[in-house]
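The values are calculated or read from the model by the stated rules, or taken from the named source; none is laboratory data. Quick caveat, the model's predicted, so the values are computed rather than measured. Quick reminder, even Gly has a Cβ in these numbers, built from the backbone with ideal geometry, and neighbours come from all protein chains shown. These area figures cover heavy atoms from the full protein model, side chains too; ligands, DNA and RNA do not enter into them. Shrake-Rupley method; radii C 1.70, N 1.55, O 1.52, S 1.80 Å.
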Amino acid sequence: MAALESAKTAVALLDRSNWGCISVMDADRVRFLHNQTTNDLQALKPGQGCSTVFVTSTARTIDLVSAYIRDEDVLLLTSPGLAPTLMEWMDRYIFFADKVTPKDRTAETFVFSIVGPDAQESLSACITGDLPQAPFAHRQLTVAGATVTVAADSGLALPGLTLMGDRANAEAVQSALGKIPVLPPDAWEQLRIEQGRPLPGQSLTDDDNPLEAGLWSAVSFNKGCYIGQETIARLNTYKGVKKRLWGLTLSQPVAPGTVLTLDGDKVGDVRSVAALADGSAIGLGYVRTKAGGDGLALQAGKVAVTVQAVPGLSHDYYDSSA
């Protein structure tokens with residue numbers, strides 16, 4: 001896959017316009033989202049952003065989103081198909097006195113992620129203005145005569161930029177970007193798994209919490225109360241994470257949901273799989289903490305599996321005394 005290799009060594013374009021895009025407006029927007037998700041949004045200023053997780057009251061995952069604080073709103077980039085779910089979820093917690101107005105802008109917004117070490121160089125020639133540098137930093141710039149929000153965020157643990165703007169301008173913007181290789185869905189799936197980007201319905205479900213899913217970087221342990229905070233704080237304080245999401249290498253593909261065993265005992269399950277050209281596969285799966293981690297040899301039926309660390313997932317407890 002030429003585009004996949006280009007994403008790792010140069011630059012590639014991923015059309016994420018099927019991902020959800022929600023604009024949260026009005027005076028209480030930051031406070032509201034701060035109380036609804038795992039990261040510290042109130043510490044951010046316009047032009048900054050972060051990844052954060054919507055969770056239930058028992059800290060089960062709903063979605064991992066990118067949140068961009070803008071002067072007029074907070075822009076949330078959700079996983080594919082999750083905008084309606086999050087709109088409904090937020091509506092449950094917006095009370096009469098709250099000045100919060102979410103709007104699903106998915107249908108009217110294009111989202112292009114330019115992934116790879118050459119992303120900044122590739123975009124600098126066609127964008128009017130300085131590109132953002134710090135992680136999740138963003139600003140409004142001009143591309144092909146259109147105003148576009150450009151964020152230093154590829155959606156993966158890889159360098160890159162994400163462009164968001166009026167969908168009517170998508171074709172002109174993509175044309176202005178030049179002949180950047182486009183990642184097809186199968187290449188994106190392989191890259192997502194290699195990098196450790198979990199998705200709802202697979203690695204993020206009602207059975208999983210953000211710490212199990214390796215999303216520690218999207219969780220603040222200093223922000224105070226939010227939905228699910230007590231459970232997450234307790235898991236960290238008492239080191240109670242019983243399973244962890246890891247990368248997997250498999251001797252051949254297996255179906256998601258396949259049980260992982262160690263010496264015949266169930267220790268986890270496979271959540272995502274991407275077949276490779278040589279007949280082997282990679283995947284993401286949960287493994288019981290007591291069974292081990294990076295380098296652990298397991299079985300998925302008759303298929304040999306090795307557990308491996310991946311860039312986008314972390315498993316270190318937060319030390320509040322540091």
Using θ = phi - 60° and Karplus 6.51 cos²θ - 1.76 cosθ + 1.60, couplings along the stretch 107-113 (whole Hz; Gly, Pro as x): 5, 10, 10, 9, 9, 10, 9
Relative contact order (%) - the stretch 120-260, alpha-carbon pairs under 8 angstrom, separation at least six: 14 percent
Listed residue (247, 310, 286) projecting farthest to the positive dipole end of the stretch 203-322, Cβ model: 286
J(HN,Hα) series, the stretch 18-27, from Karplus relation 6.51 cos²θ - 1.76 cosθ + 1.60, nearest Hz, glycine and proline x: 7, 6, x, 9, 10, 9, 10, 10, 5, 4
Paramagnetic reach from residue 71 (point 7 Å along Cα→Cβ, amide N under 18 Å) across the stretch 140-157: 140-143, 146-151
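Tell me what the chain gives for mean residue ellipticity at 222 nm when only DSSP H runs of n ≥ 4 count, each as -39,500 (n - 2.57), the sum divided by the residue total, rounded to 500 deg cm²/dmol.
Numbers: 7 runs with 60 residues, N = 322.
Per the formula, -5000 deg cm²/dmol.
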Average accessible area per residue (Å²) across the stretch 164-233 - probe 1.4 Å, nucleic acids and ligands excluded: 42 Å²
Taking the stretch 32-122 and dividing mean pair separation by its residue count, relative contact order in percent (alpha carbons under 8 Å, at least six apart): 17 percent
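Pulled fully out, how much extra length does the chain show between residue 225 and residue 319, if you take 0.36 nm times their separation in residues and subtract their Cα-Cα distance? Write out the running numbers ahead of the final one.
Values: separation 94, 0.36 × 94 = 33.84 nm, distance 1.83 nm.
Full extension from residue 225 to residue 319 adds 32.0 nm.
Round to a whole number: what % of the accessible area of the chain belongs to carbon and sulfur, probe 1.4 Å? Intermediate results must be reported in sequence, preceding the final value.
Numbers: 7070 of 14060 Å².
Reported share for carbon and sulfur atoms: 50 percent.
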Euclidean distance of C-alpha centroids, the stretch 201-228 and the stretch 1-20, integer Å: 27 Å
Under 5 Å, built H, 5+ apart or other chain: amide partners of residue 111: 16, 17
Mean separation of Cα contacts under 8 Å (6+ apart) over length of the chain, as relative contact order %: 19 percent
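Quote the charge dipole size of the stretch 199-310 about the Cα centre in Debye, to the nearest 20; the model charges only the Cβ of Lys and Arg (+1) and of Asp and Glu (-1). Intermediate values should be presented prior to the final figure.
On the way: 11 positive and 10 negative charges, 56 e Å.
So the dipole magnitude of the stretch 199-310 works out to roughly 280 debye.
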Point-to-point label distance, residue 269-residue 290, nm (Cα→Cβ direction, 7 Å offset): 2.0 nm
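For the stretch 1-144, what does the accessible surface come to per residue with a 1.4 Å probe? Please give it in Å². Kindly include the intermediate steps, with their values, before the conclusion.
Working: 6030 Å² over 144 residues.
Spelled out: the 1.4 Å probe surface of the stretch 1-144, per residue, equals 42 Å².
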Among (i) 0.93; (ii) 0.97; (iii) 1.24, the entry derived from the coordinates for Rg/Rh (Cα atoms, Kirkwood Rh): (ii)
Counted charge near residue 254, where neighbours are those whose Cβ lies closer than 13 Å (Asp, Glu -1; Lys, Arg +1): +1
Integer Hz, Karplus 6.51/-1.76/1.60 couplings in order for the stretch 89-104, x for Gly and Pro: 4, 5, 4, 4, 10, 8, 9, 4, 7, 6, 9, 9, 9, x, 9, 7
Selection of trypsin sites (Lys or Arg not before Pro), the stretch 221-309, meeting DSSP coil and at most 14 other Cβ within 10 Å: 239, 242, 302
Cut-off 12 Å between beta-carbons: net charge of the residues surrounding residue 58, Lys and Arg +1, Asp and Glu -1: -2
Dipole magnitude of the chain, debye to nearest 20 (Cβ charges: Lys/Arg +1, Asp/Glu -1, about Cα centre): 560 debye
